[in-house]
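Values in this text are rule-based calculations from the coordinates and carry no lab data. What you see is a predicted model, and the numbers here were worked out from it, not measured in a lab. When we count neighbours, we look across all protein chains shown, and the Cβ atoms used for this are built from the backbone with ideal geometry, even at glycine.
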Amino acid sequence: MKKLFEPYSLGSIELQNHMVMAPMTRNRSIDNIPGDIVAQYYGQRASVGLIITEGTSPSPNGLGYPRIPGIFSDAQVRGWKAVAEAVHSKGGHIFMQLMHTGRIGHPDNLPEGARVLGPSAIAAKGDMYTDTKGPQAHPQPIEMSDADIKTAIQEYATAAQNAIEAG
């Protein structure tokens, strides 16, 4: 038990203890921008050695759950900077989990112009909650083309750069 509370070196990062907070989707990012309530939530948990954020979308197409954060717009990067500052000010460390909802998403949760994409045109079983209509069956996704895959790869690379910029 003693070791749990001892510092731990993770590469070049010195964690204050061996505890890691796993990602938990909170659905609290209005307009997909992490706001004050998100910064407060993560700041309150900064005493763990490392926080892994909730799934954060690299693109509009990846926002298939309601109110999940993204990291592809300037406003989202600013929101995540406030989160990082809330954690870092208390000596904590935070890593971002990048997540694209893929075929599990629902068009009612996507911004205008975004598409539900997947590796195939086969709909997932089950439902997805939407703010506008409640639970809805998963739609048939659009099968990703080679161009869609290349775009998604670039979106992840840009999202990773944005996450680093955010802190």
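Listed values, structure above:
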item: Prolate/oblate/rounded label for region 101-167 (Cα gyration tensor, a/c 1.5); result: oblate
item: Three principal axis lengths of the chain [C-alpha, angstrom, descending]; result: 50, 33, 33
item: Magnitude of the charge dipole, the chain, Cβ model with Lys/Arg +1 and Asp/Glu -1, debye to 20; result: 500 debye
item: Residue-averaged [θ]222 nm for the chain, counting only DSSP H segments that reach four residues, each worth -39500 (n - 2.57); result: -9000 deg cm²/dmol
item: Label-point separation in nm, Ala137 to Ile37, each point 7 Å along Cα→Cβ; result: 3.2 nm
item: Those lysines that a straight Cα-Cα span of less than 18 Å connects to Lys2, excepting residues fewer than 8 apart in one chain; result: none
item: Region 47-104 - convex hull of the alpha-carbon atoms, volume per residue in Å³; result: 75 Å³
item: Along each principal axis, Cα extent of region 79-121, largest first, Å; result: 45, 21, 11
item: Span from the region 123-154 Cα centroid across to the region 54-83 one, whole angstrom; result: 17 Å
item: Rounded tilt (10° steps) of 74-88 against the dominant C-alpha axis of the chain; result: 30 degrees
item: Among Asn17, Leu50, Gln140 - extreme Cα towards positive end, dipole of the chain, charges at beta-carbon; result: Asn17
